[in-house]
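Note sheet for the following structure.
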Amino acid sequence: RKMLIKWFLSVMSLVLVDQGIKAMLVNAKMRVINSGMAFGLGQAWPNFWQGVVMGLLILVIIKFRFNWQTALVTAGGLANLIDRIRWGGVVDYLTVGFGLKFNLADSLIVVGLLGLLYSFVNGSKNNL
């Protein structure tokens, strides 16, 4: 139970930080609304990606339980889902490489998934 509370508080803290950054940037008009998935890809199917995010969040939590990796993936997914509901797409504000656009939530998802992959390969759980 203590681990679940710690996991939940971690997720909510990360979502609040992400949403706070996005709120400041939306008010300053320093953002791009991305109706696709991470890095501006798949913009033709915004509703499809919303369903994918929900499905993946549920699968990740059921499969891997409550560890730091699922906290990152869940926080990133929830933050981007809030954007989709609130703004009609994800608020992106960072650009790298060949114009790939992303945000803190996308970074949380990528780092969490890399952590899950590492844990899967090494057979560890890495609980909070």
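Note on S124 and S107: the extension gain reaches 3.9 nm, defined as 0.36 nm multiplied by sequence separation minus the Cα-Cα distance. Take the Cα of I62, step 7 Å toward its Cβ, do the same at V32, and the gap between the two points is 3.5 nm. Summing charges over neighbours of K101, with a neighbour being any other residue whose Cβ is under 12 Å away from its Cβ, gives -1 when K and R count +1 and D and E count -1.
Cβ-Cβ distance of F98 and K2, R₀ of 35 Å, FRET efficiency by 1/(1 + (r/R0)^6): the value works out to about 0.20. Phi-derived couplings, Karplus 6.51 cos²θ - 1.76 cosθ + 1.60 at θ = phi - 60°, listed residue by residue for region 68-79: 5, 5, 5, 4, 5, 4, 5, 4, x, x, 5, 4 Hz, with x used for Gly and Pro.
Read-outs: derived from the displayed coordinates by stated rules, not from any lab. In this text the structure is predicted, and so the values were computed from the model without any measurement. A quick note on method: Cβ atoms are made from the backbone with ideal geometry, for glycine too, and the neighbour counts reach across all protein chains shown.
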